[in-house]
Every structure is written in C-alpha cells, then in structure tokens.
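Laboratory data are not the source of any read-out in this text; all were calculated from the coordinates shown. This structure is a prediction, so every number in the text was calculated from the model and none was measured. When we count neighbours, we look across all protein chains shown, and the Cβ atoms used for this are built from the backbone with ideal geometry, even at glycine.
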Amino acid sequence: MRLAKKGLTPEAFFRTCDTAYRKTISIDTFKKHLNNFNLQLSRGQVSRLVLILDEDMEGNITLQEFYNALEAYNCAGEKHTNPDGSDYYASYEHRAMFKLLKILKDRKISYQELFRSCDVNNDRDVNIRELETVLTGLSSEFYQKDTQAIHNFFDVDRNSICSESEFMAQLAKAEKLLAQHNERLAGGVSRGARGSMARNDGLDLYIPGFSDNSPRS
Ligand SMILES: [Ca+2]
Ligand SMILES: [Ca+2]
Ligand SMILES: [Ca+2]
C-alpha cells in the first residue's frame, strides 16, 4: 500500500480513522481519511477497496474486517491480535481453511474430488481462477478474500499455482491445525498462555521456513 511511503502501517491508518476507539469506522470516514492522506487513488480503486473491506456491506469497516483483508492480501504491517482482547488469534488464512474443511465434511466431498472439480483444464494444477469458481459455487460464505487466503495457504512454494501435492498436503495440514484450534478454544486461556506455540500457531512444525515468509513475524 502507498501508506508505507507515508511511514504509516495500514493498521495505524485504521487507528487514525477510528478516533473514538470503537473498532469500527464508517465508509464515509474511511474515504475522508484516504482523501486527507492524498494517496492518489482513483474513485474506482477506492470503491474496489471498500468492496473488499466491508465484507457484510453494512456501510462500515470493522477492525476484524480490516485485519481479514490485510491478511488475505499479505499486507499486514503489524502483528494482529484478537479485537476482543482474548489471547489466541487464528489467522484469516487458517479461518478460511477451517471454513473450507467444514463445508467439505458437511457435503462429504473428498480432497480428491475437490481437486478434480477445481482443475477444469486438467493440467494437474489449480490456479486462483479455477479455485475461485469452485469455492464460490460451494458456498456464498466464500468471499474473494477467502479464495485469496486459501490459495496462499495451498501455494507453499509461492509460484502462484497449487500443485496436486501441495493441495493434498496442505489440506492434511489444515486438518491438524483445525484440531489444534478446537483444542485451544476448548482449553481457553490456560492453553493460550503456553507461549511460543500459540504465537505462531505451530506452523513452523508443518511448513519449514514459514516464519521467513510470514508477514506476521
Ligand atoms: Ca462491515
Ligand atoms: Ca488446472
Ligand atoms: Ca505452488
């Protein structure tokens, strides 16, 4: 984002908009501040930004919506914590994967079936367009942001394509993460207080070098 040039993280930008510390800002306030910062965004760019940020289209941007978008598009400038102040924060990427796992389970769709329905052109790779078509077909709960986040999670080697092996391995990893996630939620604060494990969601165990790629570290 162009905010970086102004020496401001996107999160700090949100705080300058949220003068009353309500953890939510109206679209008008958001636009007004964008204007003040003179970021030279076109009207179309601003509308697109608002569309991405205001998930539920209620005319305001909550702090959680704002975080979700930053995480989905890998432009978080600060480490995110739970807006409700609780100890454990599941990243947007993980939450998007958990949503996918739940839908697959509910509909009894196997990972193989999912991969095959995504890979329309049958080249044994899934690109983001293929993924988007299937996800939005599966559920109206999948926003553009979710597709982006799920694609990021699959694409371990960051070549903008999900190979079949990445796809299968990452779904298996997501399952383990979901089990940990549920355990943590069940265990509440005491487990969260265990420290470093909770901090990076244990991802280093599963993805070598994850911290190097992570905007959160
Ligand atoms: Ca909203
Ligand atoms: Ca394909
Ligand atoms: Ca890849």
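Inspect all residues belonging to the stretch 70-85 and state whether any of them is more than 18 Å from the chain's Cα centre (by Cα) and surrounded by 13 or more Cβ atoms within 10 Å (Cβ to Cβ).
no
For residue 140, state whether it is farther than 30 Å from residue 12 by Cβ and hydroxyl-bearing (Ser, Thr, Tyr).
Answer is yes for this residue.
Identify all residues within the stretch 116-128 that are touching a Ser or Thr at 6+ places or on another chain (Cβ under 9 Å) and within 14 Å of ligand 3 (Cβ to nearest atom); write none if there are none.
118, 124, 125, 126, 127, 128
Residues of the stretch 155-181 being in a helix (DSSP H, G or I) and either of a type in the set (Asp, Glu) or closer than 17 Å to residue 121 by Cβ (or both), which ones?
164, 166, 167, 175
Output the helices (runs of 4 or more DSSP H) that fall wholly within the stretch 38-153 and possess 2 or more residues being hydroxyl-bearing (Ser, Thr, Tyr) and away from ligand 1 (no atom under 16 Å from the Cβ), or say none. Please lay out each step first, then the result.
Working: elements: 43-53, 63-72, 92-106, 111-118, 128-138.
Because the criterion is at least 2 residues that are hydroxyl-bearing (Ser, Thr, Tyr) and away from ligand 1 (no atom under 16 Å from the Cβ), the helices (runs of 4 or more DSSP H) in the stretch 38-153 that meet it are 111-118, 128-138.
Which of the residues that make up the stretch 5-26 are part of a helix (DSSP H, G or I) and buried (at least 17 other Cβ atoms within 10 Å of the Cβ)?
Hits for the stretch 5-26 are 10, 11, 13, 14, 17.
Which pairs turn up if I take residues in the stretch 163-176 that are over 15 Å from residue 152 (Cα atoms) and look for partners that are of a type in the set (Phe, Trp, Tyr) and assigned to a helix (DSSP H, G or I) with beta carbon separation below 9 Å, at least 6 apart in sequence or on another chain?
Final answer for the pair search is 172/111; 176/206.
Scan the stretch 148-158 residue by residue and report those that are within 16 Å of ligand 2 (Cβ to nearest atom) and closer than 15 Å to residue 98 by Cβ.
Across the stretch 148-158, the qualifying residues are 150, 154.
Return the only residue of 20, 90 being within 30 Å of residue 166 (Cβ to Cβ) and either of a type in the set (D, E, K, R) or away from ligand 3 (no atom under 16 Å from the Cβ) (or both).
The match here is 90.
Can you run down the residue pairs with Cβ atoms below 7 Å, 6 or more apart or on separate chains, where the first is in the stretch 106-129 and polar (S, T, N, Q) and the partner is assigned to a loop (DSSP other than H, G, I, E, B) and within 15 Å of ligand 2 (Cβ to nearest atom)?
127/161
State yes or no: is residue 81 among the β-branched types (Val, Ile, Thr) and touching a residue at least 24 places away in the same chain (Cβ under 8 Å)?
Judged against the criteria, residue 81 is not a match.
Is it the case that the stretch 59-66 has a residue that's within 16 Å of ligand 3 (Cβ to nearest atom) and buried (at least 18 other Cβ atoms within 10 Å of the Cβ)?
no
Please go through the stretch 129-174 and pick out each residue that is of a type in the set (Val, Ile, Thr), within 12 Å of ligand 3 (Cβ to nearest atom) and within 23 Å of residue 90 (Cα to Cα).
So in the stretch 129-174, the residues of a type in the set (Val, Ile, Thr) come out as 133-134, 136, 147, 150, 156, 161.
Now narrow it down to the ones that are within 12 Å of ligand 3 (Cβ to nearest atom): 156, 161.
Selection gives 156 alone.
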